[in-house]
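One structure is given below, encoded as structure tokens.
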Amino acid sequence: MTFLSILCALLIEQMKPLRADNPIYAEIKSLAMRMETWFNAGHPRHGRMGWFLMMAILMVPTALIYWVLMHYNLTLAAFAWNILIVYLTLGFRHYSHYFTSIQLALNAGDEAAARALLAEWTKLDTVGMETSEIARIAVEKSLITTHRNVFGVFFWFLMPLGPACAVMYRVAEHLSRAWNEPEHMRNEAFGQFASRAFYWIDWIPVRLTAVAFAVVGNFEDAIYAWRNFADRWQDEAIGIILSAGGGAMGVRLGTPAENAAKVVLADASTVDTTDVEPDVLPGEEPNVRALQSTVGLVWRALLLWMLLLLLLSGAVWLG
């Protein structure tokens, strides 16, 4: 039922994608803001209280409905509930229109339109960006969004609580951003637990996504970049995704030199090596073709996940 639930949800989303600004997401975001208002008194424990209450409000009803349906052998109803939850938690096409529109604009030579679309998508200042920079940021945003909106959800949906775990993953991802990234929340103690909780919740999924990229792309370059450059990013998860994804496509992504000024040498303490030229990621500078390569990489990784899920479901059914 797990495989069929995901497959049906993916097919429904292809025909009727759920907009990122839909009312359900808006209510969850509003609840997160209210939690921050109610609990934020400047101490990390208040962030823990708000996080666990938020999870309880959303996870308990999701798990309870699924348990009741299964307990009373309402298999079709449980199947429909699974499809609904996967459909609501997946985001395969939430932002794909931005990526596609940027790709079309760059293919047509309309850099101004590509910059405007990228600015709307990422909220970055794109004035004066060259084509390679536009392509690089669009590819990076796509890989990270695909992992968090698709592959991370897949992993947690496979856990025993299924729908509730999928909800937990997406809500945890949102809280890690909503309670840390806004200007007024930066360096606030309230968001520390949300950030750390999502780090551990995403620890296994982010590595499975990197492995999938390596398997369906250039395996050697992906593993090399992952092992030697992932720790150069301030965010470890982003470093793993971008280094492995870029290596798999033969494209140089990110700015891994941001943490390369200090390196740890074997049997030595940390030394300042600002004047030392950092190692260079393998691959070429991003260009318009990298956008098409990203589409292929993501779809191949998705097919790999679905194939493995099908084999796992078959083994469970036969067993």
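All Cα-Cα separations within the chain were binned at 20 Å from zero, giving a P(r) of 29, 58, 13, 0, each value a whole percent of the pairs. With the chain treated as a Gaussian network of Cα nodes joined by springs under 10 Å, which of G283, G109, G91 yields the largest mean-square fluctuation? For the chain, modelled as a Gaussian network with Cα springs under 10 Å, the answer is G109. The angle between the Cα long axis of helix 192-201 and the main principal axis of the chain comes to about 80°, on a 0 to 90 degree scale. If R0 is taken as 25 Å, the Cβ-Cβ distance between H71 and L304 corresponds to a FRET efficiency of 0.15. Specify which residue in the list Q103, S142, W81 is farthest towards the positive end of the charge dipole of the chain, using unit charges on the beta carbon of Lys, Arg (+1) and Asp, Glu (-1), about the Cα centre. Working it through, the farthest residue towards the positive pole turns out to be W81. The Cβ shell under 12 Å around A230 holds other residues with a net charge of 0, Lys and Arg each +1, Asp and Glu each -1. May I ask for the net charge around A301, where only other residues with Cβ less than 15 Å from the Cβ of A301 are counted and Lys, Arg are +1 while Asp, Glu are -1? Taking every other residue near A301 into account, the sum is +3. Length, then width, then depth: along the principal axes, the Cα atoms of the range 86-191 run 49, 32, 18 Å. Multiplying the residue separation of E285 and E188 by 0.36 nm and subtracting their alpha-carbon distance yields 31.3 nm.
What the phi angles of the range 122-138 give under the Karplus curve with 6.51, -1.76 and 1.60, with θ = phi - 60°, is a coupling list of 9, 6, 9, 7, 9, 4, x, 5, 6, 4, 5, 5, 4, 4, 4, 5, 5 Hz, glycine and proline written as x. With all projection directions averaged, the alpha carbon convex hull of the range 131-248 covers 8.1 nm².
For the range 305-319, the residues whose backbone nitrogen is under 13 Å from a point 7 Å from the Cα of L4, taken along Cα to Cβ, are 314, 317. The charge dipole of the chain, taken about its Cα centre with unit charges on the Cβ atoms of Lys, Arg (+1), Asp and Glu (-1) only, comes to about 1280 debye.
Computed from Cα positions, the angle between helix 219-229 and the longest principal axis of the chain comes to roughly 80 degrees.
In this structure, E130 and E181 have a Cβ-Cβ separation that, at R0 = 22 Å, corresponds to a calculated FRET efficiency of about 0.25. Need one number: nm distance between label points at D235 and L11, each 7 Å from Cα along Cα→Cβ, rounded to one decimal. My value for the distance between the label points is 3.4 nm. Positive end of the dipole of the range 1-69 (Cβ unit charges, origin at the Cα centre): among L4, P23, H43, the Cα lying farthest that way belongs to H43.
Extension gain for D21-I57 works out to 10.9 nm (0.36 nm per residue, less the C-alpha to C-alpha distance). Couplings for the range 160-175, taken from phi via the Karplus curve 6.51 cos²θ - 1.76 cosθ + 1.60 with θ = phi - 60°, read x, 7, x, x, 5, 5, 4, 4, 4, 4, 5, 5, 4, 4, 5, 5 Hz in order; Gly and Pro are left as x. Remark on E284: its backbone amide H falls under 5 Å from those of V251, R252, a criterion applied only to residues 5 or more positions apart or on other chains, H modelled at 1.01 Å from N. Computed over the range 1-121, the convex hull of the alpha-carbon atoms projects to a mean area of 10.7 nm². Taking the longest Cα principal axis of the chain as reference, the axis of helix 288-318 is set at about 40 degrees.
Comparing F157, F39, F198 in a Gaussian network model of the chain, where Cα atoms under 10 Å apart are tied by springs, the biggest mean-square fluctuation is seen for F39.
We did not get these values from a lab; they are worked out from the coordinates using the rules stated. Keep in mind it's a predicted model, so treat the numbers as computed, not measured. Positions of Cβ are backbone-derived with ideal geometry, glycine not excepted, and every protein chain shown enters the neighbour counts.
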